[in-house]
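The values are calculated or read from the model by the stated rules, or taken from the named source; none is laboratory data. Note that the structure is a prediction, hence the values are computed from the model and not measured. No Cβ is skipped: glycine too gets one built from the backbone with ideal geometry, and neighbour counts run over all protein chains shown. When the accessible area is computed, the model is the full protein with side chains, heavy atoms only, and any ligands, DNA or RNA have been set aside. Shrake-Rupley method; radii C 1.70, N 1.55, O 1.52, S 1.80 Å.
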Amino acid sequence: MASSRPHNAASFGIGEGTWAERPRARWGERLGVAVGLLAIWAVHFAVLINKPVHIDDMHYVEAAKYVLEHPLRPFCNTINWKLAPDLAYRDNINPPLYVYVQAAWMWCFGPSIRGLHVLASLFVLLAAAATYALARRFTGQPMLATALCMLSPTLIPVTNLMLDVPAMAIGIASIAVFMRGVAAANHRWSALGGVLVGLATMTKYNSVVLLPLLGLYALWRRRFGHAFWLAIPVVFQALWALHNYVFFENHEIHILLTMGYREFEKRWLENVLSAGMVPGCSFIFLGVLWLVRARRSDAFWLVPAVFLALFLVLGPRQIDWWSHPEFSKRLEYYVFVGNTVLLVAFALIRGPRRDDVHPAHLAHRRAAETASESPAPRMDELFLWCWAVGVIGFQVLFAYHQSPRYHFLAFPAIAILLMRRLERPAGPSLRLAVLATCVSIVLQVALGLLIARADHLHAVANRDLPSLVKARFGATSPRIFCVGHWGLQYYAQEQGIECFNAEDVVIRKGDLFIMPHLQSRENMTRVFYRTNARGIAIGLNDALFEQVALKSYPNPLPMSAIDPGVTFLYATVLPAVPYSWRPRVDFIERFLILRATADYQGKWVRRPEDAPPPQFMPR
């Protein structure tokens, strides 16, 4: 019989293994959970603490410094990010909450990069704790699910000073808190959940996917009044838009500017196929257990077979991958997609029936069904699938390229679905399943640390090169320019090296230019190249420049994380893959040092987007 008390503690949670149905944890169990969460945090902290400024970190560090002086004008600082000075909010596609957090940290502890890394690591701990809270609702092995999620090989390396992990942490916390409020009919918790959703959307716009997800949860639980609290994020965005209208030039609204990045109509197939790699490259799960734990009657092999055919047959023919000189030699994409197919097939195995639950969780399931006033305990699977598919689908529709970091908010749902499958009593014992999961997590950590090391070496190269150039050429070349961005631009500015301004090109004889090899080419201009009749860059403009030095940083690892067009962990655009264990080149980064041999003045002529990497770069 259902309980007549909506605030009964037993109604808190939706499924086997929820907090309410579990006995109160003993101090030893609590200590074990704390140690496990701290161990996860320690892995990320060790990778992060000594990492130089990298990728888009400079964007947020500079914006935070500006906020300290102009607290009402976030992203109104001028930044030369793509060889064209402009207001930061026109190039940054995210709202400013985390910038204010960083500014507050700087105000308290100083502008130390290492200190900002400590701040970033705290969000890792929050994400781990929130994931554990949710996993404890849905699985009998919450710590394993948490480790499987938080120790993903694509999550460990990218805990930088950017927004991905903070947005993930706040988003997961908002799900846990809102679910608690709805399940217990407690409006204070639901209101707090709404506030956290608002904070998540003010960290990254893609967190808006939480609104329909949590709204559906409230409807499923028949707590219609609690959905009202999801209006809080809408209010936050409205106030932010009003701020933009008042403080930004020409009354520009930031979220409307970011919508200009939506190019789904142009590259929908690339987005779909790129997103198909994300689970496969992010979870090293022993999916072979599906073969021994799934019953023959499930017959879900038909679904992955069709899924695999779409990816491996239709995809390459549609976008003509075979013509790519590097991709035809690589198998990483097919390995990642194949693993995704296996994970999907494993997760699609039908959920356990009432008499098909592991004995350790049977009592919890019955208690939940008895205490709940709604059919929500039977909606666990649908909620988890809506969570995972909703986040991934949103990125496919609205992101102009894909990357594992864009899908972090879906990682807990994927990990929980996989762990729920291992709790089926059919096939190997639960102990064997737990052991196999532990082996999977160890493999994930090993791969994640290897990728993180390759990424770290690239950041170190961009940090060290400007000081070397300044020491060697500073006395003979009074004007030195950086033709690149990411960490290279940040450390070049620290050395007094200017970022090249292509809006009004003025080059004097003797000027020195630093050009990285493994960076995206969007910040190059045609002035550096000789072009053919079709306007394609074919070599160095030797009428204006001469090569004076070449600095190469060798790659000691069998791994590559950054090689745009082939491998890029932070922004995957097909045919590139997030990481590769067969590096195309034998260096982490290579820098070309050019000297102008004549004066030149002209207007900005950007290199065509479809032009290949310049051939004068040694390979």
(request) Please verify whether region 388-395 includes one or more residues that are under 30 Å from ALA185 (Cα atoms), at pLDDT below 80 and out of contact with any Ser or Thr (no Cβ under 6 Å at 6 or more places or on another chain). (result) no
(request) Report, by residue number, each residue of region 50-66 that is within 21 Å of HIS251 (Cβ to Cβ) and either modelled with pLDDT under 90 or crowded, with 22+ Cβ neighbours inside 10 Å (or both). (result) ALA63
(request) Count, please, the residues in region 192-219 that happen to be within 22 Å of PRO96 (Cα to Cα) and either in contact (Cβ under 8 Å) with a residue 60 or more places away in the chain or aliphatic (A, V, I, L, M) (or both). (result) 17
(message) Here's a check for you: in region 558-572, which residue that is touching a helix residue (DSSP H, G or I) at 6+ places or on another chain (Cβ under 7 Å) and assigned to a loop (DSSP other than H, G, I, E, B) is farthest from TRP268 (Cα to Cα)?
(response) MET559
(request) Filter the helices (runs of 4 or more DSSP H) completely within region 47-154 down to those with at least 3 residues that are of a type in the set (A, V, I, L, M) and more than 20 Å from the chain's Cα centre (by Cα). (result) 57-69, 97-109, 113-138
(request) Considering only region 158-270, give the helices (runs of 4 or more DSSP H) lying wholly within it that have at least 3 residues that are buried (at least 17 other Cβ atoms within 10 Å of the Cβ). (result) 164-183, 187-201, 210-220, 231-247
(message) Here are the criteria: (1) closer than 16 Å to LEU384 by Cβ; (2) basic (Lys, Arg); (3) at pLDDT 90 or above. Tell me which single one ARG188 does not satisfy.
(response) (1)
(request) List every residue pair whose Cβ atoms lie under 9 Å apart, where the two residues are 6 or more positions apart in sequence or sit on different chains, the first residue falls within region 397-423 and is under 15 Å from SER274 (Cα atoms), and the second residue, located anywhere, is aromatic (Phe, Trp, Tyr) and modelled with pLDDT of 90 or more. (result) PHE398/TYR205; ALA399/TYR406; PRO404/PHE411
(message) Step by step: first the residues of region 82-98, then only those that are at pLDDT below 80 and touching a helix residue (DSSP H, G or I) at 6+ places or on another chain (Cβ under 6 Å), then the one that is least open to solvent (accessible area, probe 1.4 Å). Which residue is that?
(response) LEU83
(message) Taking the criterion of being farther than 24 Å from ALA598 by Cα and either under 27 Å from the mean Cα position of the chain (by Cα) or surrounded by 15 or more Cβ atoms within 10 Å (Cβ to Cβ) (or both), would at least one residue in region 495-515 satisfy it?
(response) yes
(request) Could you grab me the full set of residues in region 567-594 that are open to solvent by 10 Å² or more (accessible area, probe 1.4 Å) and closer than 30 Å to SER477 by Cα? (result) ILE588, ARG590
(request) Considering only region 36-46, state which residues are over 17 Å from the mean Cα position of the chain (by Cα) and open to solvent by less than 10 Å² (accessible area, probe 1.4 Å). (result) ILE40
(message) I want to confirm something. Restricting to region 235-247 and keeping residues that are in contact (Cβ under 8 Å) with a residue 24 or more places away in the chain and farther than 13 Å from LEU72 by Cα, which single residue is farthest from the chain's Cα centre (by Cα)?
(response) VAL235
(message) Restricting to region 469-494, name every residue that is touching a residue at least 40 places away in the same chain (Cβ under 8 Å) and loosely packed, with under 15 Cβ neighbours inside 10 Å.
(response) none
(request) For VAL33, indicate whether it is outside any loop (DSSP other than H, G, I, E, B) and out of contact with any Phe, Trp or Tyr (no Cβ under 8 Å at 6 or more places or on another chain). (result) no
